[in-house]
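Working notes, beginning with the structure itself.
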Amino acid sequence: MLRRGVFFSHRDLDLILDDWASGGGFFLYTGRAPSLGMHIGHLIPFMLTKWVQEKFSVNVYIEITDDEKFLRNPEYTLEETRRWAYDNILDIIAVGFNPDKTFIFQNTEYIGKMYSLVIKIAKKVNFSEASAAFGLKPSSNIGTVFYPAIQLAPTFFEQRRCLIPAGIDQDPYWRLQRDIAGSLGYLKAAQIHSKFLPPLTGPEGKMSSSIPESAVYLSDDPKTVERKVMKHAFSGGQPTADLQRKLGANLEDDVPYQWLYYFLEEDDSKIKRLEEDYASGRMLTGEVKQLLVEKLNSFLEKHRERRENARELVDVFKYDGALAKRMWSSVPP
């Protein structure tokens, strides 16, 4: 994902590596606004976060923002967002985090422990700054005005520098954090930004949980995956096989190729060969789509197995693991 530019920009990643080299270390933070079913694009920041944790053996804090989901969506009840939080946590655990170095927490459960920190943050951010960063309006409910202070709080859970792998759409939060960190006695957070996995239906934008044909959900069975890819995946190939063999595909518009760029094996020579064969016309659109179906179903089969095992680990990540116990037994600094 780093070599292929899926994570395409950063802020202060060099300082994170300097901290590590000097023995100071760092910690990781990312999160999830729960929804009724996660799609495959939602896993990308978690996959990189898990990889970094594994390589550097560092702590990970994962915030489940059931409060934000409730506040920003008039049609949702708090009971629904809490229920979705549990299901989403299973998918996050299935990525493979270290249970003793990972703390997964729901805001509505943990807010009492971090409230003192949250109000210190809230006092540093005025309404104009929050409105400019998040597009708030006079009609916005006051919960959404206060909420950014809650999302910023985990960046201050340790005195070391925080690294945040997340989608580029989350960047306004981290710019605000960097504005106030010094005044609170903390280091500015570092970020590494991911692109959005494009929707099946076209090369622009991002997948939407509210548009089922645009996404492959983690719960989709093999036949559903095949139907979605074969029917809805936008192709940059030519309208006929003869023209495809003659002219080749436009890879910039071809969603199956772009998804394979994310999910094909580590060996970059395979994606390079696919790129050359498809662009030259040696491969047809149907062949590329079928390859994507195979890769997605293999990936999802393994994920579902790990997700089922995750049911026994929820309490470990939320309450009983080494990092979780520490966070529940003391107030964040």
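The values are calculated or read from the model by the stated rules, or taken from the named source; none is laboratory data. Quick caveat, the model's predicted, so the values are computed rather than measured. Here the Cβ is made from the backbone with ideal geometry for all residues, glycine too, and neighbour counts use every protein chain on show.
Residue count for the stretch 1-48 under the criterion of being touching a Cys at 6+ places or on another chain (Cβ under 7 Å) and among the hydroxyl-bearing types (Ser, Thr, Tyr): the result is 1. Is there a residue in the stretch 63-76 that is under 13 Å from the mean Cα position of the chain (by Cα), among the aliphatic types (A, V, I, L, M), under 21 Å from ALA324 (Cα atoms) and modelled with pLDDT of 95 or more? Yes, there is a match, as at least one residue in the stretch 63-76 is under 13 Å from the mean Cα position of the chain (by Cα), among the aliphatic types (A, V, I, L, M), under 21 Å from ALA324 (Cα atoms) and modelled with pLDDT of 95 or more.
On the stretch given as the stretch 307-321, residues that are part of a helix (DSSP H, G or I) and loosely packed, with under 15 Cβ neighbours inside 10 Å total 4.
What helices (runs of 4 or more DSSP H) completely inside the stretch 15-132 contain at least 2 residues that are in contact with a strand residue (DSSP E or B) (Cβ under 8 Å, 6 or more places away or on another chain) and under 26 Å from ASP179 (Cα atoms)?
The qualifying helices (runs of 4 or more DSSP H) are 44-56.
Of all residues in the stretch 12-39, which are over 15 Å from the mean Cα position of the chain (by Cα) and surrounded by fewer than 18 Cβ atoms within 10 Å (Cβ to Cβ)? Hits for the stretch 12-39 are LEU13, ASP14, LEU15, LEU17, ASP18, TRP20, ALA21, SER22, GLY23, GLY24, GLY25, LEU36.
Would you check if there is a residue in the stretch 165-186 being within 13 Å of the chain's Cα centre (by Cα), surrounded by fewer than 22 Cβ atoms within 10 Å (Cβ to Cβ) and among the β-branched types (Val, Ile, Thr)? Checked the stretch 165-186: at least one residue is within 13 Å of the chain's Cα centre (by Cα), surrounded by fewer than 22 Cβ atoms within 10 Å (Cβ to Cβ) and among the β-branched types (Val, Ile, Thr). The single condition among (1) assigned to a loop (DSSP other than H, G, I, E, B); (2) over 16 Å from HIS39 (Cα atoms) that GLN191 does not meet is (1). Counted as qualifying within the stretch 199-306 are the helices (runs of 4 or more DSSP H) with 3 or more residues that are among the β-branched types (Val, Ile, Thr), under 25 Å from SER35 (Cα atoms) and not assigned by TED's automatic domain parsing to the domain that holds ALA33, namely 222-232.
One residue alone among THR201, THR102, THR155, THR108 is in contact with a helix residue (DSSP H, G or I) (Cβ under 8 Å, 6 or more places away or on another chain) and at pLDDT below 95, and that residue is THR201.
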